[in-house]
Amino acid sequence: IHMVSGTLQHFNFIPAELRSKLEIHPMYFCECKSLKPGTYKGVLATREDVSSICEGLAEITEFNRLELLPLQERIQHMSQEFEAKTKVAFILKEEGKVVSHAASSAQSNVGVMVVAVYTLAKYRHQGYARNVVGSLTQWALNQGLTPCLFYDNPQAGKLYHDLGYVTFDQWVIGKKMI
């Protein structure tokens, strides 16, 4: 076993001897049934935005612990998702560069995950993330989908709750330590 993922309640059923061999990453699991009223100014991303989205993602130090694909592979993968219309993303740009982003993933007939939320460091605390997450959330709700997301950053959690997300569980990812 290289990785396990599940609710904290279920994770605790794993014997302590096995849990002790895992690097554990706890998170909160949220959903949004009703977006708080507001005007959200995120722009629907296109295939032409993929390189800038991926370059921005690579700048986010908080994502360093993730096992991201190399940049060119990530660009190719995301381009394919846009071409197949399996990815929806909202962005904001400054001087032609994507500075804030939120995307969909794992869409079903009832829900969609909100993933890869970021704002470049220079643009934080200016409402960019609120706009892209709010826009993506509004899109999902308009499609009849329940948007949900994981978070571990308290500042991000405050933003999500301010938009109308409600935490309904704790989630844990455990990776085998090397």
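Every number here is computed from the coordinates shown, using simple stated rules; none is lab data. As the structure is a prediction and not an experimental result, all values here were calculated from the model. As a convention, Cβ positions derive from the backbone with ideal geometry for all residues, glycine included, and neighbour counts pool all protein chains shown.
Listing for the model above:
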{"read-out": "For segment 1-51: rounded, prolate or oblate by the Cα gyration tensor [a/c cutoff 1.5]", "value": "oblate"}
{"read-out": "Cα shape, segment 26-178, gyration tensor, a/c 1.5 rule", "value": "rounded"}
{"read-out": "Label-to-label distance, nm, for residues given as Lys93 and Ile24 (7 Å Cα→Cβ offset)", "value": "4.5 nm"}
{"read-out": "Expected 222 nm ellipticity per residue - DSSP helices of 4 or more, -39500 (n - 2.57), all of the chain, to 500", "value": "-9000 deg cm²/dmol"}
{"read-out": "Sparse-neighbour loop sites [chymotrypsin sites (Phe, Trp or Tyr not before Pro); segment 3-93; at most 10 other C-beta within 10 Å; DSSP]", "value": "Phe13"}
{"read-out": "Extension gain (nm, one decimal) between His161 and Lys36, 0.36 nm per residue minus Cα-Cα", "value": "44.0 nm"}
{"read-out": "Integer Hz, Karplus 6.51/-1.76/1.60 couplings in order for segment 117-125, x for Gly and Pro", "value": "7, 8, 9, 4, 3, 4, 10, 6, 6"}
{"read-out": "Among Glu23, Glu73, Glu31: highest mean-square fluctuation, GNM of the chain, C-alpha pairs under 10 Å", "value": "Glu23"}
{"read-out": "Within the chain, percent of DSSP bridges classed antiparallel, to nearest 5", "value": "90 percent"}
{"read-out": "Rough spin-label spacing in nm, given labels placed 7 Å along Cα→Cβ, for Glu73 and Ala58", "value": "1.4 nm"}
{"read-out": "Using a Förster distance of 45 Å, the FRET efficiency for Phe168-Gln126 (Cβ separation, nearest 0.05)", "value": "0.95"}
